[in-house]
Amino acid sequence: MSNVLNDSSVNDSSVNGNIIFIGFMGSGKTTLGRKIAKHFGRLFLDTDLLIESRENMEILDIFKQHGEKYFRNLEREISELIQNSIRNSIIAVGGGFPTAVSSLQKLGFVIYLDIDFDFMISEVKKHPAELEKRPLLENLDEAKKIYDFRKKIYKSQADKIFTINHNNYETVVDEVINFLKNIKEFE
Ligand code: S3P
């Protein structure tokens, strides 16, 4: 099968060996990223967690006390840190990160987890704590507008897209692993 897996551009894009997971809140970037990192014996980083430890504050409180603009500036700072210092790692970035940082491919090979909105909401609702810690999911009509707006940004930033729905939710991790196995550095 001739496909992007054997395309040399895959290697070119991941010059620093990082894999960056992007996608809307609740698309599984962190869960999936952790599994992928464990599978390949790589370091896993999550930009939300890096920001929380840098600020010694939870995301929700950062939004409440300082506002979204402040948070986006932190995301840009973290982006520079990744670009300058992080290599060969699996990195999940917050859902709005690709709107704050315009050239994600400088950070690594970008994988977009494209999850269906209604399916995502039904999954997140199963874990109320997950819903509560995401200020931008408080109003679902607004969240849908953000989702629709961001979709094209995610697509334009992605090197590879995996579509997630109820049919492959359990198996997408295997799909990603198989994809990455075909990237030279991950053999
Ligand atoms: C946000 C997504 C969150 C977190 C913050 C803002 C967004 O990360 O960065 O609540 O703007 O979509 P997750 O995508 O990991 O939920």
Quiz item: Among the residues of the stretch 73-92, how many are of a type in the set (A, V, I, L, M) and within 12 Å of the ligand (Cβ to nearest atom)?
Solution: 4
Quiz item: When residues of the stretch 32-86 are filtered for being touching a Pro at 6+ places or on another chain (Cβ under 8 Å) and either of a type in the set (V, I, T) or surrounded by 19 or more Cβ atoms within 10 Å (Cβ to Cβ) (or both), how many remain?
Solution: 1
Practice problem: Look through the stretch 23-52, keep the residues that are within 14 Å of L113 (Cα to Cα) and among the hydrophobic types (A, V, I, L, M, F, W, C), and return whichever of them is nearest to the ligand (Cβ to nearest atom). | Solution: M25
Quiz prompt | One residue from L136, L113, L104, L131 being within 16 Å of the ligand (Cβ to nearest atom), surrounded by fewer than 19 Cβ atoms within 10 Å (Cβ to Cβ), touching a residue at least 60 places away in the same chain (Cβ under 8 Å) and within 20 Å of D46 (Cβ to Cβ) | solution = L136
Exercise. Under 6 Å between Cβ atoms, at least 6 apart or on separate chains: pull out the pairs that start in the stretch 50-70 with a residue that is assigned to a helix (DSSP H, G or I) and end on any residue that is away from the ligand (no atom under 11 Å from the Cβ).
Key: I62/E55
Quiz item: Take the residues of the stretch 149-187 that are among the acidic types (D, E) and in contact (Cβ under 8 Å) with a residue 12 or more places away in the chain: which is surrounded by the most Cβ atoms within 10 Å (Cβ to Cβ)?
Solution: D159
Self-check item: Verdict on P135 being over 13 Å from the mean Cα position of the chain (by Cα) and under 28 Å from E55 (Cα atoms)
Solution: yes
Practice problem: Scan the stretch 53-72 residue by residue and report those that are among the acidic types (D, E) and either under 20 Å from the mean Cα position of the chain (by Cα) or near the ligand (Cβ under 9 Å from one of its atoms) (or both). | Solution: E58, E68
Quiz item: If you go through the stretch 13-28 one residue at a time, do you hit one that is at pLDDT 95 or above, more than 30 Å from N139 (Cβ to Cβ) and among the β-branched types (V, I, T)?
Solution: yes
Quiz prompt | Scope the stretch 71-88; condition free of Cβ contacts under 8 Å to residues at least 40 places away in the same chain and either among the charged types (D, E, K, R) or closer than 21 Å to A129 by Cα (or both); matching residues | solution = F71, R72, E75, R76, E77, E80
Quiz item: So is R87 assigned to a helix (DSSP H, G or I), of a type outside the set (A, V, I, L, M, F, W, C) and over 12 Å from the mean Cα position of the chain (by Cα) or not?
Solution: no
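The values are calculated or read from the model by the stated rules, or taken from the named source; none is laboratory data. Note that the structure is predicted; figures quoted are calculated from it, not measured. Please note: Cβ atoms are built from the backbone with ideal geometry, for glycine as well, and neighbour counts cover all protein chains shown.
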